[in-house]
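Rule-based calculations on the coordinates, nothing more; no lab input. Predicted model only: the values in this text are computed from it and were never measured.
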Amino acid sequence: MDNSRGSRFSVLLGLELKGAIVARGFTATGVAEQIGVERATLNRYLNGRRIIPSPVVVLVAEAIHEDPALLVRRAWDRLNEEQPVGQQRPTSSRPAPEATPEGHK
């Protein structure tokens with residue numbers, strides 16, 4: 001995985017899911033079976049070795065009776081604590097669009 005904010009967010013989201021699974025008394029193996037994902041694949045998501053697809057986030061959250069928005073918010077907050085937005089370099093080499101003077105389109 002690269003060092004972009006998006007990749008780091010996916011790692012943090014996996015860690016949030018992993019923590020929620022344990023905190024709610026579930027196991028990754030049991031959740032994997034319940035949602036129909038290979039155990040090894042789920043573990044790669046939870047341990048940040050693969051970017052976690054949003055449908056998997058929802059499936060895991062529903063399986064453990066957790067609000068996926070809460071998990072996403074926690075991961076987002078952790079990301080911004082680690083890498084505040086103002087300290088990021090632009091990821092695109094394209095210049096920002098110029099503002100159109102008022103009255104001109």
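Computed over region 5-85, relative contact order equals 44 percent, with contacts defined as Cα pairs under 8 Å that lie 6+ residues apart.
The convex hull of the Cα atoms of region 5-85, projected and averaged over all directions, covers 4.7 nm².
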